[in-house]
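Before any comments, here is the structure.
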Amino acid sequence: MADTFDPYREALVMETDTVWPAGYADLDPARRADLEAKLHAKPGEAAKLEYIRVHTGFCRTIHVTDADIARLGI
């Protein structure tokens, strides 16, 4: 289940992860890294966001959706 943006947990994010749909497996790695940076720069706009508790804080995981793709203009 997706989480909602949480400023408290955001302050404790120590790691980030991005899960891409299978249809984007052939995306250029440099382009993928650029898009991931844009997604994580504004996590509150992500359609599916998840905070996973890790030893040092939280890992923010963004599951890329069609809505995210449309918003980024891919």
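A few comments on the model shown:
- The slack between Met14 and Glu36, meaning 0.36 nm per residue of separation minus the straight C-alpha distance, is 6.3 nm.
- Which label in (i) 15, 42, 29, 9, 4, 1; (ii) 23, 55, 21, 2; (iii) 19, 54, 24, 3 gives the computed P(r) over Cα pairs in 10 Å bins from 0, in percent: (iii)
- On Cα atoms only, tilt of 29-41 relative to the major axis of the chain in degrees: 40
- Selected from Pro21, Val54, Tyr8, residue furthest toward positive end of dipole (region 7-72; charges at beta carbon): Tyr8
- Sorted by Cβ neighbour density within 10 Å, fewest at the top, the residues His55, His40: His55, His40
- Relative contact order for the chain, counting Cα pairs under 8 Å that sit 6 or more residues apart, in percent: 43
- Rounded to 5, percent antiparallel among DSSP beta bridges of the chain: 55
Just so you know, all these numbers are worked out from the coordinates, no wet-lab data involved. All of these numbers come straight from a predicted model, not from anything done at the bench. Reconstructed Cβ throughout: ideal geometry from the backbone, glycine too, with neighbour counts over all protein chains shown.
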